[in-house]
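Have a look at the structure below before the remarks.
The values are calculated or read from the model by the stated rules, or taken from the named source; none is laboratory data. Keep in mind that what you see is a predicted model, and the values were worked out from it rather than measured. Note: ideal-geometry Cβ built from the backbone for every residue, glycine included; neighbour counts use all protein chains shown. All accessible areas refer to the heavy atoms of the entire protein, side chains included, with ligands and DNA or RNA removed. Shrake-Rupley method; radii C 1.70, N 1.55, O 1.52, S 1.80 Å.
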Amino acid sequence: MTGELGHLMLMLAWLAAAVQAWAGLGPRVQPRLAGAAMGWQLAGSGAAMLALAWAFVQHDFSLVYVVQHSHSSLPLAYRIAAVWGGHEGSMLLWGFVLALWSAAAQAGLQRHDRVYAARVLGVLGLVSLAILGFVLFTSNPFVRLLPGAAEGQSLNPLLQDPGLVLHPPLLYLGYVGTALPFAMTLALLWAPASPQATRLWARWARPYTAAALAFLSLGIGLGSWWAYYELGWGGWWFWDPVENASLMPWLALAALLHALAAREQRGRFVHWSAALAIIAFVLSLLGTFLVRSGVLTSVHAFASDPRRGSVMLALIAVTLLGSLALYARAAARLSEGLREQPPAAPWSRDSALAVNNLLLVVACASVLLGTLYPLALDALNLGKISVGPPYFDAVMAPLLLPMAALLLPAAWLHWGRDEAPLLRRFGPTLAAVALAAVVLPGLLQQHYGSWSVPVLLALLLALGVTVSTLHWAARRLRHGRWRDFGAGPAGMVLAHLGVAAFVVGVAMVKGHGIERDVRLAPGDRHELAGCSLQFEHMGALKGPNYESRAGRFRLACEGQPPRQLFSEKRAYVGSGMPMTESAIDAGFTRDLYVALGEEIGDGSGAWSVRVQFKPFIRWIWGGVLLMALGSFWAAAARRYRRVQPAPASRPQPPELDPMAPLPEPTP
């Protein structure tokens, strides 16, 4: 009965989504009905998720999806994670997460403008109707297998890892979170709205965008770390098309978050913000298409059914064309009630955000071109080409460094005004960078044997951003602005420090990382980065649903006690694909990475072993974590919720921006 109950709950959620869309977008807006339908949709999709999870826990091999992704020997944690370990379950998770975001939209907006909140729910209802319909009619995880199978095929060995438990849900919270600024934009375009709704769009889109960006950052970072230690690659980003599918909406969300700041504070980038909201959501749908259409062959891809891909492609086309048509018909509604602003000075926060958006959008377009161009050529029978790291490294480096340079003055700039005199506040920053420019080459030469101009430039930029950001924060706190430092400014400080840490990690891994494939037999040694790695012996291990051959290594580094590392080659039940479990000696400033390759087979017991030295690689994930925490902190700002209708009798004074720099003290 579990399968039938789950199917029934899925149908309930789909019907509730239809009612939600009609109540919000019909000829007469019905806020109470839209909210009730949203509640039923959340309950139905949540119950369907629970029913599917229970089927995995109970080994219900009468469901095709359970047979394809489970096994009686699979540990409980992976049986639960297998709910979203395949195409059908992951799309059901997509719909459930969308219902959660819909509930968040109602909770945030209905207290301020019930009609506008209902219209936002109506747009989200349309999206839910499409996604749940896709699950119900093309990707149903509750299809019965009669008679039931005696045993399952087990979960993909790549996915039998703790990272799977959190990576897809976090990624989907970010992916699907793009639907909220998209829905808020289309709700304004759908029908005439009050000035209050226009202000709600500008203000409430910011915390929702920040939260989606934070979740997407965590999902991407966790996926990168998972690939690093699980797949035996020893890297952090390989420009895999499916990896790019999550990076593109991240870049669009980052641009949107900064554009919304200028939209709220200065009334600028009105139409640009709307365009970015649409683009971010369409890119999320495109990422779903790339992963689940079968057009890509990747360890991340799930589906290989062209019919499903065609339906998704049609959904993307309808979303994009419908949004553009609605924008062309009613774009003027986005700027109703806004005062015309004087042109921004060249050296102002407005101008800095404009350049920031330009660089982010160009970076997003470059990734999109490199991802889709090979697919387009293949689809048109014009040949097969591969666009890999050389293209992306050459294109992204000239964009990322200027973006990092923009963070140097970012906190100090005022809205609209030319603040060139503020450059004198960069005394501590310039002194630190000048000193580092003298000292760093010698340190790099001493510790890594060489130094290069690109790495030095990246490190100096990261140091400058760190010193400038901390100096600004310290000055703000010294002037008693503690209350203002609760959310927005603190979030900005954390995010900018995260960017600096990320730049350090990328520069050091790219500039001074070492990768070697060596032949080692038991008793052999290899010297790497001042450490001695000795291959001691091979042994056999048995896990709950796998058998492995484990190599034991002894690592001895100068000034540290010797340590033992274990790298495995696992064979999982139900799969003939061997899996590598790497051994990593992790540290704050470097990782030493060991992964077994293949046995040489010459009778000596020798193995091919990949050994790598990765300096500061954990700063990459630490930087991503700081960026995510900064986004969460900014999303929690109470000032976003203080939206009151403007009195008709007198104009409102301009609202003070707590992130604005302090004025110069008078003598």
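With respect to the stated conditions, residue 578 is under 30 Å from the mean Cα position of the chain (by Cα) and either under 17 Å from residue 610 (Cβ atoms) or open to solvent by 30 Å² or more (accessible area, probe 1.4 Å) (or both). Just so you know, in region 307-337 the residues that are basic (Lys, Arg) and farther than 21 Å from residue 268 by Cα include one that is least open to solvent (accessible area, probe 1.4 Å), and it is 308. Could you look through region 271-284, keep only residues that are of a type outside the set (Val, Ile, Thr) and surrounded by fewer than 24 Cβ atoms within 10 Å (Cβ to Cβ), and pick out the one that is farthest from the chain's Cα centre (by Cα)? Among those residues, the one meeting the criterion is 271.
Among the residues of region 172-192, which ones are among the small types (Gly, Ala, Ser) and either more than 23 Å from residue 31 (Cβ to Cβ) or surrounded by fewer than 24 Cβ atoms within 10 Å (Cβ to Cβ) (or both)? Can you show your working first?
Residues of region 172-192 among the small types (Gly, Ala, Ser): 174, 177, 179, 183, 187, 191.
Those that are among the small types (Gly, Ala, Ser) and either more than 23 Å from residue 31 (Cβ to Cβ) or surrounded by fewer than 24 Cβ atoms within 10 Å (Cβ to Cβ) (or both): 174, 191.
Name every residue in region 35-50 that is more than 28 Å from the chain's Cα centre (by Cα) and buried (at least 24 other Cβ atoms within 10 Å of the Cβ), in order of residue number.
As a first pass, look at region 35-50 and keep what is more than 28 Å from the chain's Cα centre (by Cα): 35-37, 40.
Across region 35-50, the qualifying residue is only 37.
Could you list, in sequence order, the residues of region 596-638 that are part of a helix (DSSP H, G or I) and more than 24 Å from the chain's Cα centre (by Cα)? Listed by number, the list holds a single entry, 638. Checking each residue in region 189-199 for being in a helix (DSSP H, G or I) and either aliphatic (A, V, I, L, M) or closer than 16 Å to residue 248 by Cβ (or both) picks out 189, 197. Within region 564-585, the set of residues being outside any strand (DSSP E or B) and of a type in the set (Val, Ile, Thr) comprises 573 only. Using the structure shown, decide if residue 3 is more than 30 Å from residue 326 (Cβ to Cβ), outside any loop (DSSP other than H, G, I, E, B), open to solvent by less than 30 Å² (accessible area, probe 1.4 Å) and touching a strand residue (DSSP E or B) at 6+ places or on another chain (Cβ under 7 Å). Answer is yes for this residue.
Just to be sure before I move on: is residue 516 surrounded by fewer than 22 Cβ atoms within 10 Å (Cβ to Cβ) and either under 29 Å from residue 451 (Cα atoms) or at pLDDT 95 or above (or both) in the structure I sent? Walk me through how you get there before you give the answer.
On the way: surrounded by fewer than 22 Cβ atoms within 10 Å (Cβ to Cβ): yes; either under 29 Å from residue 451 (Cα atoms) or at pLDDT 95 or above (or both): yes.
So residue 516 fits the description; yes.
Listed residues 295, 299; which is of a type in the set (Val, Ile, Thr), modelled with pLDDT under 90, surrounded by fewer than 18 Cβ atoms within 10 Å (Cβ to Cβ) and assigned to a loop (DSSP other than H, G, I, E, B)? Show your work before the answer.
On the way: 295 fails: surrounded by fewer than 18 Cβ atoms within 10 Å (Cβ to Cβ).
Of the residues listed, the single one that is of a type in the set (Val, Ile, Thr), modelled with pLDDT under 90, surrounded by fewer than 18 Cβ atoms within 10 Å (Cβ to Cβ) and assigned to a loop (DSSP other than H, G, I, E, B) is 299.
For region 167-188, does any single residue satisfy the condition of being outside any helix (DSSP H, G or I) and either in contact (Cβ under 8 Å) with a residue 12 or more places away in the chain or under 16 Å from the mean Cα position of the chain (by Cα) (or both)? Within region 167-188, one or more residues are outside any helix (DSSP H, G or I) and either in contact (Cβ under 8 Å) with a residue 12 or more places away in the chain or under 16 Å from the mean Cα position of the chain (by Cα) (or both).
Output the residues belonging to region 208-232 that are over 30 Å from residue 584 (Cβ atoms) and either small (Gly, Ala, Ser) or open to solvent by less than 10 Å² (accessible area, probe 1.4 Å) (or both).
209, 210, 211, 212 - these are the residues of region 208-232 that are over 30 Å from residue 584 (Cβ atoms) and either small (Gly, Ala, Ser) or open to solvent by less than 10 Å² (accessible area, probe 1.4 Å) (or both).
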